[in-house]
Amino acid sequence: RLIRRLGFAVECAEDGEHALTILRREAKNVDLIIADYQMPRIDGFDLIRRIRADPALCNQYAVMLTARDDVESKVAALTIGYDDFLAKSCTEVEVIAKVVAAKRVVSRQRILQTAAREWEVLATRDELTGVNNRRNLMALFARELDRSRRYGSVLSVLMVDIDFFKSFNDTFRHP
């Protein structure tokens, strides 16, 4: 109820296996995972191990919630892959503060992912035509040549030269 009051849509899982099913289906819509340590079928440690091992889920922000409040449990949770730790004995104010902080971190992560995708396009594509640039073409060629050698298959390369392209560049500029 508290998380809903903070404006989050909440999806509850009956156990760790169910949580993984939900995550695999809804990963793009999940901002924050709060997982108990003691759950049926898959405990909180096994859950985070599976999340971190799955390329589609490994970047999810995850908080362990547990009745354990000792330093060893906190360190173990953070070491194994949780991003934060909440003891069930903590106050509502602490939960709110940590969830709001997690929301900030997730927001920043999304901004960085968007910027990284934009920079990747700029680094690999010609800005004017949108086709692969020389660096990207050479990397693609090297991968395909390696694959061709590995599997003993034929590799064909077609190079195209467009006549009078200078007039296009002069009209629309090189950049």
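The values are calculated or read from the model by the stated rules, or taken from the named source; none is laboratory data. None of these values were measured; they are calculated from a predicted model. Positions of Cβ are backbone-derived with ideal geometry, glycine not excepted, and every protein chain shown enters the neighbour counts. Remember, those area values only see protein heavy atoms, side chains included, never the ligands or the DNA or RNA. Shrake-Rupley method; radii C 1.70, N 1.55, O 1.52, S 1.80 Å.
Of all residues in region 31-43, those that are out of contact with any helix residue (DSSP H, G or I) (no Cβ under 6 Å at 6 or more places or on another chain) and open to solvent by less than 30 Å² (accessible area, probe 1.4 Å) total 1. For region 109-119, filtering for residues that are within 29 Å of ARG1 (Cβ to Cβ) and either among the aromatic types (Phe, Trp, Tyr) or open to solvent by 80 Å² or more (accessible area, probe 1.4 Å) (or both) leaves 1. If you go through region 20-42 and keep only what is of a type outside the set (D, E, K, R) and closer than 18 Å to PRO55 by Cβ, you end up with LEU20, THR21, ILE22, LEU23, ALA27, ASN29, VAL30, ILE33.
Condition check: in contact with a Pro (Cβ under 7 Å, 6 or more places away or on another chain) and either surrounded by 10 or more Cβ atoms within 10 Å (Cβ to Cβ) or within 25 Å of ARG173 (Cα to Cα) (or both). Does GLU127 satisfy that? Against the criterion (in contact with a Pro (Cβ under 7 Å, 6 or more places away or on another chain) and either surrounded by 10 or more Cβ atoms within 10 Å (Cβ to Cβ) or within 25 Å of ARG173 (Cα to Cα) (or both)), GLU127 qualifies. Candidates in region 44-76 are the residues that are β-branched (Val, Ile, Thr) and touching a helix residue (DSSP H, G or I) at 6+ places or on another chain (Cβ under 9 Å); of these, the one that is modelled with the lowest pLDDT is THR66. Taken over region 74-108, residues that are open to solvent by less than 60 Å² (accessible area, probe 1.4 Å), among the charged types (D, E, K, R) and within 18 Å of the chain's Cα centre (by Cα) amount to 1. Looking across region 144-165, the residues that are surrounded by fewer than 10 Cβ atoms within 10 Å (Cβ to Cβ) and of a type in the set (D, E, K, R) come down to ARG150, ASP161, ASP163.
Each residue in region 109-132 was checked for being under 20 Å from the mean Cα position of the chain (by Cα) and over 30 Å from GLN38 (Cβ atoms), and 12 pass.
For region 62-73, a tally of residues being within 23 Å of the chain's Cα centre (by Cα) and either polar (S, T, N, Q) or open to solvent by less than 30 Å² (accessible area, probe 1.4 Å) (or both) returns 3.
For region 106-114, check the following and say yes or no: at least one residue is charged (D, E, K, R) and either in contact (Cβ under 8 Å) with a residue 12 or more places away in the chain or within 30 Å of MET64 (Cβ to Cβ) (or both). I'd like the intermediate steps shown before the answer.
Our first condition is that a residue be charged (D, E, K, R); within region 106-114, this holds for 108, 110.
The next check asks that each one be either in contact (Cβ under 8 Å) with a residue 12 or more places away in the chain or within 30 Å of MET64 (Cβ to Cβ) (or both); those that pass are 108, 110.
Looking for residues that are charged (D, E, K, R) and either in contact (Cβ under 8 Å) with a residue 12 or more places away in the chain or within 30 Å of MET64 (Cβ to Cβ) (or both), one finds at least one in region 106-114, hence yes.
Only one of the numbered conditions (1) modelled with pLDDT of 85 or more; (2) part of a helix (DSSP H, G or I) is not met by LEU155, and that is (2).
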